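The values are calculated or read from the model by the stated rules, or taken from the named source; none is laboratory data. Not measured: the values here are computed from a predicted model. Cβ sites come from the backbone with ideal geometry, for glycine too, and all protein chains shown count toward neighbours. Surface areas here come from the heavy atoms of the whole protein model, side chains and all, with no ligands, DNA or RNA. Shrake-Rupley method; radii C 1.70, N 1.55, O 1.52, S 1.80 Å.
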Amino acid sequence: MKKVLLFLLLVLSLSANAEGARYCLSYQDYLDNKWVNVDSIEVVIHSRGHQFWVGGNDYKFVTGDKATDKVLKSKAFLVEWRDSLYINCKKLSVKGGGKFGSGYNKAQKFKDDGILFTSERIGAAMTGGQTVGMMFGLIGGIAATNDIMKYPICYLITKDNALSAGDKKMHVFPLIDKYMEVLLAEQPEALATYKSVKRRKERELPANVLDVFHSIGWVE
């Protein structure tokens with residue numbers, strides 16, 4: 001009898017600690033509110049050291065079910081967990097070259113249908129810690145990678161640049177100076193506030209960009 005009670009308590013405890021989530025497979029599914037529910041999910045947070053040596057992004061989602069884990073790794077576009085959005089960087093690239101690698105980064109809604117997230121600079125500036133290390137040697141590679149990680153930027157997905165096909169690479173826009181000037185062309189005060197930060201790398205930091213967007217109601 002005691003064993004049965006202990007078993008029931010264990011089951012109840014596991015059920016209480018289990019956290020559900022949901023995912024969608026494409027940007028179009030996100031717009032159409034088409035989600036797939038997951039009863040229990042675990043979030044693995046990658047350290048900066050892990051990202052430098054192994055690659056990948058901040059988060060990984062696992063369920064213990066091989067089929068679901070495979071979908072989350074390679075096919076899912078967004079995961080919603082604890083009322084926050086996480087974007088699968090494996091499905092993204094920057095137009096003209098540059099991929100984000102595997103794993104998820106935290107994302108948020110932008111205006112009516114956009115998605116905004118933060119990541120390190122990629123493309124011509126950096127193709128991965130390992131490549132930088134090969135180019136400049138171990139010490140130089142660590143220094144160069146640390147500098148790039150110190151100055152992340154925001155990236156934007158909108159209807160204009162999104163692909164609804166589930167397994168194709170979706171192009172995202174890096175919110176650097178030239179794109180910010182286009183986005184804020186009809187918001188002169190916001191553009192002036194953005195440009196009031198003199199150093200370009202600091203001006204393009206997510207803290208400055210998000211503050212400007214928040215002031216005009218484009219992000220919460």
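A few comments on the model shown:
- Matching residues, region 185-208, being in contact with a Ser or Thr (Cβ under 9 Å, 6 or more places away or on another chain) and of a type in the set (A, V, I, L, M, F, W, C): A190
- The set of residues in region 182-200 being within 23 Å of the chain's Cα centre (by Cα) and exposed (fewer than 15 other Cβ atoms within 10 Å of the Cβ) consists of V182, R200.
- Residue check for L175: open to solvent by less than 60 Å² (accessible area, probe 1.4 Å), within 22 Å of H214 (Cβ to Cβ), modelled with pLDDT of 90 or more and touching a Phe, Trp or Tyr at 6+ places or on another chain (Cβ under 6 Å): no
- The residues of region 189-210 that are part of a loop (DSSP other than H, G, I, E, B), touching a helix residue (DSSP H, G or I) at 6+ places or on another chain (Cβ under 9 Å) and not acidic (D, E), listed by number, are S196, V197.
- Within region 169-188, tally of residues that are in contact (Cβ under 8 Å) with a residue 24 or more places away in the chain, assigned to a loop (DSSP other than H, G, I, E, B) and more than 20 Å from K109 (Cβ to Cβ): 2
- Among the conditions (1) in a strand (DSSP E or B); (2) buried (at least 16 other Cβ atoms within 10 Å of the Cβ); (3) basic (K, R), K90 misses just one, which is (1).
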